[in-house]
Amino acid sequence: MNDFTELTCTNLMIKLKILLKKLAPGETLSFFATREQVDNTCAPFSSNGYQVVWDQEAENRYLVRIGK
Amino acid sequence: MEHSATVSSTFFFCTPLSHERINWYTECVAYGAGIGSEQKRTFTVFITGDALFSFVDAQSREAWNALSELPSVQIVVDGDELRLHGLGDSVGAASPGITITERGGGTLFWEQLVFHLAGEWKGSKKAGFLLCHPPYMSRIPVHMLRFLSGAFNAGLSPELYAYLDGVHNIHNGQRPSEFENIGRTIATLSRTAGESGKDPWFAACSRCATARGYFQMNPGTGYCEPASSIEEITIRPLKEILTRFTGYYPILSHTSGGIVPRDVSGQQEIPPRLVIFITNPPYGTEWTFGGLSLALATAMDGIPTTVVFVEHGVYSLYGTHEVPPNDKVFNVQEMVAATGDVPSLCYLVHAPSLERRGIDVEEHLSGIRQVQNDELARILWDQASPATRILFF
């Protein structure tokens, strides 16, 4: 499982754009992120046709799943 | 000269200048001086440090001398640094068109630079420096301090943004035996400016600081805290540092520039656009990643940002990069390809740099527009643009 909690919001956005570009229809990208990353970087992908869900795993640690 | 101009451009160089850079840069400025006859443009080039050797090198000197003959161009050279390097007499004799500052105890050049920038960015109350070099191995932190001290002495609030290896300047307990203590001087400048009613803003990038051990996780709180760093500099996310770039004031770096319309009505409310030159190969240093990250962050904040791959920077777009599975680096080509749709962000590649190396842009990146020097000049001196900041990485 990818752990992106240490990436800056900008670099997480770049990483997600790269990985989501390679994602086949029906596949899901899963990774760990912080609350700030979820709010600022992950959630906005839902307005670009992606389904974004997350579950809290620990203090300031969320399991995020993004699918097409 | 400058008071009747409608657009004022200032460039600052303090690192070694290659023939290649001097050639394309002087050609661009010459085009810039010639295009758009309805605009009167002036160009002022401030040169210090290792960039001074370009006046010794015969080929480079020729390009500078040709440029200095243009009536709209003024080249100002740091006389104290020239004499430090033993170049005072030879450069003065070989390049009569340039202005060499008088003996000034190491400060006169910087006072002139600050005075010029304050006149160019009219009404600005601050001056910033993006510092990407470490202390002692590099003299650029000394230049930074002279500039920010000059700005403070001129009544401006100094701002420091430590980025990439520039964050090493925040290390506490610096004790050089032979050099000016950079950490202590930064702390003193910040304190003095604050105590005198100015609003100093000294920050270091949290990503760069974390990577270098100055921002460490506290297992008790789950949050990072400064470690071994001087308290006058706050560690902040790059995104927060870049909010300063929306302000209307000069920001220098080791190689940088600014293009400012003289009619400032309404200009102060428009964030200056940013032009970033990526000049280094993609993976050998952090320059390319650092430049692209900064460009993307500013573009995502709505600042119009143009990235130009130039000189060795064009290697980022050559061949097909494959990152080995266990190598933890960003694939620069994937970064570029994935972010081509970011509004406010534009990628360009310098065609003469490709031609000089006999290479072309990789097919899957061929949508990136190639520009010759005349087109680059038109983009830089775009008449519809607000103020422009130019940074080299």
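The values are calculated or read from the model by the stated rules, or taken from the named source; none is laboratory data. Computed from a predicted structure; not experimentally measured. Don't worry about glycine lacking a Cβ; one is built from the backbone with ideal geometry, like all the others, and counts go over all protein chains shown. What goes into the accessible areas is simple: the full protein's heavy atoms, side chains included, and nothing from ligands, DNA or RNA. Shrake-Rupley method; radii C 1.70, N 1.55, O 1.52, S 1.80 Å.
Condition check ((1) more than 29 Å from B:ALA209 (Cα to Cα); (2) assigned to a loop (DSSP other than H, G, I, E, B); (3) open to solvent by 30 Å² or more (accessible area, probe 1.4 Å)) across all residues:
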residue	(1), (2), (3)
A:LEU12	no, no, no
A:ILE18	no, no, no
A:SER30	no, no, yes
A:GLU36	no, no, yes
A:SER46	yes, no, yes
A:ASP55	yes, no, yes
Practice item. Go through B:PHE202, B:PHE215 for me and flag whichever is within 24 Å of the chain's Cα centre (by Cα) and either in contact (Cβ under 8 Å) with a residue 12 or more places away in the chain or open to solvent by less than 40 Å² (accessible area, probe 1.4 Å) (or both). Key: B:PHE202
Exercise for review: Scan region B:271-285 and give yes if some residue there is among the polar types (S, T, N, Q), over 26 Å from B:ASP301 (Cβ atoms) and modelled with pLDDT of 95 or more, otherwise no.
Suggested key: no
Study note, to complete from the structure: Counted residues in region B:146-189 being crowded, with 24+ Cβ neighbours inside 10 Å, assigned to a helix (DSSP H, G or I) and among the small types (Gly, Ala, Ser) come to 2
Review point. If only one of B:ALA299, B:ALA338 is among the aliphatic types (A, V, I, L, M) and either in contact with a Leu (Cβ under 7 Å, 6 or more places away or on another chain) or under 27 Å from B:CYS28 (Cα atoms) (or both), which one is it?
Key: B:ALA299
Review point. Does any residue of region B:260-267 turn out to be away from chain A (no Cβ under 14 Å), among the basic types (Lys, Arg), over 26 Å from B:THR185 (Cβ atoms) and assigned to a loop (DSSP other than H, G, I, E, B)?
Key: yes
Point to revise | Residues of region B:218-249 satisfying the condition of being more than 10 Å from chain A (Cβ to nearest Cβ), open to solvent by 40 Å² or more (accessible area, probe 1.4 Å) and assigned to a strand (DSSP E or B) | key: B:ASN218, B:GLU225, B:PRO226, B:THR234, B:ARG236
